[in-house]
Amino acid sequence: MKVENVRMVLVGPPGAGKGTQAKMLRERTGLEHLSTGDLLREAVRRNTPLGAEAKAYMDRGRLVPDRLVARLVEERISSSPDGFVLDGYPRSVAQAAMLDEFLERAGRPLTHVVSVEVPAEDLVTRLGGRRTCRECGAVFHVRFAPPRTPGVCDRCGGALYQREDDREETVRARLEVFEKETSPVLEFYRRRGLLRSVDGRKAPDEVFRSILDILGVAVGTDA
Ligand code: AMP
């Protein structure tokens, strides 16, 4: 089912399942999935000037400077005429304000903001067991969503690896950054009357149904 005119932000701590949900949304509704983490990792992989600058922040679990990330996002939004799901952006009130201003100028304001809520104590386990495909970016978990063959992507056969920033020391830094920098974004959107939340502890399919419900997409119909 094609869903149009949805311009949505998924907010949540690292490991809440935003990427998984955004990918499901893309497959089910055709909305474009814009993940700043994926865009930045791609820039690092290609060793672009932006990637080289971003890497030092990413490896420490810190936020990449706003001007770099905002440019990435604005370029991508400008070239996506239909709806989109932003995953991992905005991550600070400054970014949220920049995004608001940019979308306002483009006459395409946000329509939905969904907070994916998972208690902090679950996140370390989730991130520690996460394995990502080097080729296609698919995400697995050694315990909760293991691949059929350990270390091999079910989707494309690529090699799975543990992201540098999914190691325990960095995970703690990322969770602190979320608390301090990103959680105020929730209040920013609550004040604008845009914020809805879903229980991210549930199984991915259930979380997905809650999100479709918020979007007003009929649940249970075929894509
Ligand atoms: P993610 O894949 O969303 O967990 O992002 C991985 C890393 O990329 C983060 O820990 C940050 O270093 C960086 N990053 C991603 N999105 C942003 C953002 N909106 N602002 C600043 N840094 C970001």
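The values are calculated or read from the model by the stated rules, or taken from the named source; none is laboratory data. Here the structure is a predicted model, which means the values were calculated and not measured. Please note: Cβ atoms are built from the backbone with ideal geometry, for glycine as well, and neighbour counts cover all protein chains shown.
Take the residues of segment 5-26 that are in contact with a strand residue (DSSP E or B) (Cβ under 9 Å, 6 or more places away or on another chain) and among the aliphatic types (A, V, I, L, M): which is farthest from Cys136 (Cα to Cα)? Quick ask: steps written out before the conclusion?
Initial filter on segment 5-26 (in contact with a strand residue (DSSP E or B) (Cβ under 9 Å, 6 or more places away or on another chain)): 6-13, 15-23, 25-26.
Next cut, among the aliphatic types (A, V, I, L, M) only: 6, 8-11, 16, 22, 25.
On the way: Val6: 25, Met8: 23, Val9: 23, Leu10: 21, Val11: 23, Ala16: 20, Ala22: 15, Leu25: 17 Å.
Looking at the filtered set, the residue picked out is Val6.
For residues in segment 111-128 being in a helix (DSSP H, G or I) and out of contact with any helix residue (DSSP H, G or I) (no Cβ under 8 Å at 6 or more places or on another chain), which is modelled with the lowest pLDDT?
Here the residue is Glu121.
Those residues that are in a helix (DSSP H, G or I) and surrounded by 15 or more Cβ atoms within 10 Å (Cβ to Cβ), I need them from segment 75-92; list them, please.
Selection gives Arg76, Ile77.
May I ask you to list the residues in segment 45-67 that are free of Cβ contacts under 8 Å to residues at least 40 places away in the same chain, near the ligand (Cβ under 10 Å from one of its atoms) and surrounded by fewer than 19 Cβ atoms within 10 Å (Cβ to Cβ)?
Lys55, Ala56, Tyr57, Pro65, Asp66
So Glu104 clears everything in (1) more than 15 Å from the ligand (Cβ to nearest atom); (2) surrounded by fewer than 16 Cβ atoms within 10 Å (Cβ to Cβ); (3) under 17 Å from the mean Cα position of the chain (by Cα) except one condition, right? Which one?
Condition (3) is where Glu104 drops out.
Among the listed residues Ala173, Ala218, identify the single one that is of a type in the set (A, V, I, L, M, F, W, C), under 16 Å from Gly12 (Cα atoms) and either more than 16 Å from the chain's Cα centre (by Cα) or buried (at least 19 other Cβ atoms within 10 Å of the Cβ) (or both).
That would be Ala173, the only listed residue that is of a type in the set (A, V, I, L, M, F, W, C), under 16 Å from Gly12 (Cα atoms) and either more than 16 Å from the chain's Cα centre (by Cα) or buried (at least 19 other Cβ atoms within 10 Å of the Cβ) (or both).
Please find, within segment 68-92, the residue that is farthest from the ligand (Cβ to nearest atom) out of those that are in contact (Cβ under 8 Å) with a residue 24 or more places away in the chain, closer than 20 Å to Leu215 by Cα and not hydrophobic (A, V, I, L, M, F, W, C).
Asp82
Are any of the residues in segment 24-32 within 15 Å of the ligand (Cβ to nearest atom) and out of contact with any Cys (no Cβ under 9 Å at 6 or more places or on another chain)?
no
Scan segment 129-160 for residues that are assigned to a strand (DSSP E or B) and within 18 Å of Lys23 (Cβ to Cβ) and report the count.
Residues flagged as assigned to a strand (DSSP E or B) and within 18 Å of Lys23 (Cβ to Cβ) within segment 129-160 amount to 9.
For Gly19, indicate whether it is within 11 Å of the ligand (Cβ to nearest atom) and closer than 24 Å to Lys202 by Cα.
Details: within 11 Å of the ligand (Cβ to nearest atom): yes; closer than 24 Å to Lys202 by Cα: yes.
So Gly19 fits the description; yes.
Could you count how many residues in segment 174-222 are farther than 18 Å from Gly19 by Cα and touching a His at 6+ places or on another chain (Cβ under 8 Å)?
So the answer is 1.
Out of Glu169, Glu187, which single residue is part of a helix (DSSP H, G or I) and within 14 Å of the ligand (Cβ to nearest atom)? Spell out the reasoning first.
Details: Glu187 fails: within 14 Å of the ligand (Cβ to nearest atom).
Selected residue: Glu169, the only one of Glu169, Glu187 that is part of a helix (DSSP H, G or I) and within 14 Å of the ligand (Cβ to nearest atom).
If you scan segment 93-110, which residues turn out to be of a type in the set (A, V, I, L, M, F, W, C), over 17 Å from Ser35 (Cβ atoms) and in a loop (DSSP other than H, G, I, E, B)?
Scanning segment 93-110 gives a single hit, Ala106.
Could you identify the single residue in Gly30, Gly37 that is under 12 Å from the mean Cα position of the chain (by Cα) and in contact (Cβ under 8 Å) with a residue 24 or more places away in the chain?
Unique residue meeting the criteria: Gly37.
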